[in-house]
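The values are calculated or read from the model by the stated rules, or taken from the named source; none is laboratory data. Everything quoted here is computed from the prediction, not taken from an experiment. Because the Cβ atoms are built from the backbone with ideal geometry, glycine has one as well, and the counts that use them run over all protein chains shown. These area figures cover heavy atoms from the full protein model, side chains too; ligands, DNA and RNA do not enter into them. Shrake-Rupley method; radii C 1.70, N 1.55, O 1.52, S 1.80 Å.
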Amino acid sequence: MATNEVTTPRSILITGATGFVGSYLMKLLERSEAAVYGTCYPEKPPPDSSNLFYLDLREEKEVSELVNKLKPDWVFHLAALSNVKHSWERRRETMETNVMGYFFLLEGLRRLERRVRVLFVSSSDIYGAQPDDATKKFLSEDDPIHLVNPYAFTKACGEWLSRFYVACQELDIVIARSFPHTGPGQSPAFVCSDWARQVVRIEKGFSPPVIKVGNIDCERDYTDVRDTVRAYLLLMQKGRSGEVYNVCSGRAVKLREILEFMLSQTSVEVRVEVDQERLRKMDIPRLVGDNRKIREETGWQAEIPLDQTLRDLLAYWREKETP
């Protein structure tokens with residue numbers, strides 16, 4: 001299958017470079033011969049940093065000025081409000097950041113009057129809850145979308161913006177529809193990292209021996225963050241403009257199994273308790289992807305087993321967590 005002729009970039013911009021995934025992508029691109037720049041928000045860049053820039057995507061003028069200053073050949077657009085629970089609680093900020101912020105970025109790139117290659121990171125959340133007759137299905141890029149939370153809505157908008165700017169403004173945009181990913185350094189606002197942190201706090205005696213959970217019976221498709229960023233790079237190198245690619249392992253795992261594995265890695269006795277605050281307003285029972293397209297067109301596949309990812313996540317919190 002034909003792919004784009006992609007030239008080697010001289011300048012790369014990563015929005016959200018200091019976030020969980022962005023920091024891994026920055027590290028991966030250290031080997032690149034290109035100048036690699038990143039944005040951060042809400043934290044300010046370190047005083048000695050020459051390649052990180054503070055940027056609130058909601059500020060159109062600042063977005064345009066930074067794009068014009070850096071004139072990147074490649075842009076990895078990772079910056080977003082990505083927590084589903086927070087997207088219900090902070091709806092306006094989620095819409096403004098994820099939709100208008102991306103629009104401002106694309107407008108800035110359009111005004112450069114040169115062909116810039118962009119990776120837009122979307123989410124498997126846009127598949128939503130599938131019909132009952134598809135509950136055992138591995139979702140492909142051609143399956144219909146069912147939006148069930150504000151975060152998913154913003155990512156669907158981003159995909160449509162991407163297609164518009166490819167078709168009508170001649171931008172070069174590849175869409176990565178990412179399924180859940182985790183690993184060392186992830187915020188405890190996300191389930192695997194939350195559970196790992198709770199287990200470690202119990203081990204160290206900082207918390208009572210009760211782990212609080214939400215719905216542990218739904219199925220998910222988890223990939224290690226280190227595999228995920230390799231996928232992003234390969235998509236920039238080989239993906240086709242305007243196309244959507246699932247980034248997923250193609251393995252179904254119940255959250256209950258992840259919890260049981262984590263508890264098997266500790267010697268302390270732990271009681272599991274459902275916390276109503278951790279239950280989603282609208283949950284998706286099964287979210288498992290078909291990764292044939294990305295494998296066939298880029299050669300990517302997930303390499304790090306989930307058990308190893310979870311061990312590394314526990315090790316991260318054992319080193320980090322203090323009273």
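Hey, got the dipole for region 84-148? About the Cα centre, +1 on K and R Cβ, -1 on D and E Cβ, debye to the nearest 20?
400 debye
Of the listed values (1) 198; (2) 119; (3) 137, identify the label whose number matches volume of the Cα convex hull per residue in Å³ calculated from this model.
It is the one labelled (3).
Residue by residue, what Karplus-based ³J(HN,Hα) values in Hz, rounded to whole numbers, does region 69-86 have, using 6.51, -1.76 and 1.60 with θ = phi - 60° and x for Gly and Pro?
5, 8, 6, x, 8, 10, 10, 9, 9, 9, 4, 5, 7, 10, 8, 4, 4, 5
Do the alpha carbons of any pairs in LYS27/LYS204; LYS238/LYS281; LYS155/LYS254 sit beyond 29 Å of each other, and which pairs?
Flagged as over cut-off: LYS27/LYS204; LYS238/LYS281.
Measuring from label point to label point, each 7 Å out along Cα→Cβ, what is the SER11 to ASN215 span in nm?
Reported label-point gap for SER11 and ASN215 is 4.5 nm.
Between ALA302, PRO47, ALA17, whose Cα lies farthest towards the positive end of the dipole of the chain when Lys and Arg beta carbons carry +1 and Asp and Glu beta carbons carry -1, centred on the Cα centre?
Most positive-ward Cα: PRO47.
Could you compute the net charge surrounding GLU277? Neighbours are other residues with a C-beta less than 13 Å from the C-beta of GLU277; K and R count +1, D and E count -1.
+1
As a test of the formula, what do you get for the chain when each DSSP H run with n ≥ 4 contributes -39,500 (n - 2.57) and the sum is divided by the residue count, at 222 nm and rounded to the nearest 500 deg cm²/dmol?
For the chain, the value works out to -11000 deg cm²/dmol.
Roughly how big is region 53-127's charge dipole about its Cα centre, with Cβ charges of +1 (Lys, Arg) and -1 (Asp, Glu), in debye to the nearest 20?
That gives a dipole near 220 debye.
Below 8 Å, C-alpha to C-alpha, sequence gap of six or more: please give me the relative contact order for the chain in percent.
Computed value for the chain: 19 percent relative contact order.
Give a residue-ordered list of calculated ³J(HN,Hα) values for region 140-151 (Karplus: 6.51 cos²θ - 1.76 cosθ + 1.60, θ = phi - 60°; whole Hz; x for Gly, Pro).
Whole-Hz 3J(HN,Hα) from phi for region 140-151: 10, 4, 8, 6, x, 9, 9, 7, 10, 7, x, 4.
Collect residues whose amide H, placed 1.01 Å from N in the peptide plane, falls under 5 Å from the amide H of VAL247; neighbours closer than 5 in sequence don't count.
Under 5 Å from the amide H of VAL247: ARG177, SER178, PHE179.
If you count, for each residue, the other Cβ atoms within 10 Å and average over each peptide, how do 8-18, 275-285, 180-190 line up from highest to lowest?
Packing order, densest peptide first, comes out as 8-18, 180-190, 275-285.
Let me spell out the model: positive unit charges on the Cβ of Lys and Arg, negative unit charges on the Cβ of Asp and Glu, origin at the Cα centre of the chain. What dipole size does that give, in debye rounded to 20?
Taking the Cα centre of the chain as origin, the dipole is about 220 debye.
For a quick protection proxy, order the peptides 213-220, 195-202 by their average other-Cβ count within 10 Å, most packed first.
195-202, 213-220
ARG256 to GLU303: extension gain in nm, 0.36 nm per residue of separation minus the Cα-Cα distance?
14.7 nm
Less than 11 Å Cβ to Cβ from SER187, Lys/Arg counted +1 and Asp/Glu -1: what total charge do the surrounding residues give?
Overall, the nearby charge balance is 0.
Please turn the phi angles of region 303-314 into ³J(HN,Hα) values with the Karplus equation 6.51 cos²θ - 1.76 cosθ + 1.60 (θ = phi - 60°), one per residue in order, whole Hz, x for glycine and proline.
Ordered by residue, 3J(HN,Hα) equals 10, 8, x, 4, 4, 5, 4, 5, 4, 5, 5, 4 Hz.
Roughly speaking, to the nearest percent, how much of region 1-135's 1.4 Å accessible area is carbon and sulfur?
Within region 1-135, the accessible surface is 49 percent carbon and sulfur.
Note down the net charge around ARG256, summing +1 for each Lys or Arg and -1 for each Asp or Glu among other residues with Cβ under 10 Å from its Cβ.
For residues surrounding ARG256, the net value is -3.
Region 150-168 to region 213-242: how many Å between their Cα centroids?
Cα centroid of region 150-168 versus Cα centroid of region 213-242: 18 Å apart.
Under the rule of at least 5 residues apart or a separate chain, name every residue whose amide H is placed under 5 Å from the amide H of VAL213.
Under 5 Å from the amide H of VAL213 lie the amide H atoms of GLU273, VAL274, ASP275, each far enough along the sequence or on another chain.
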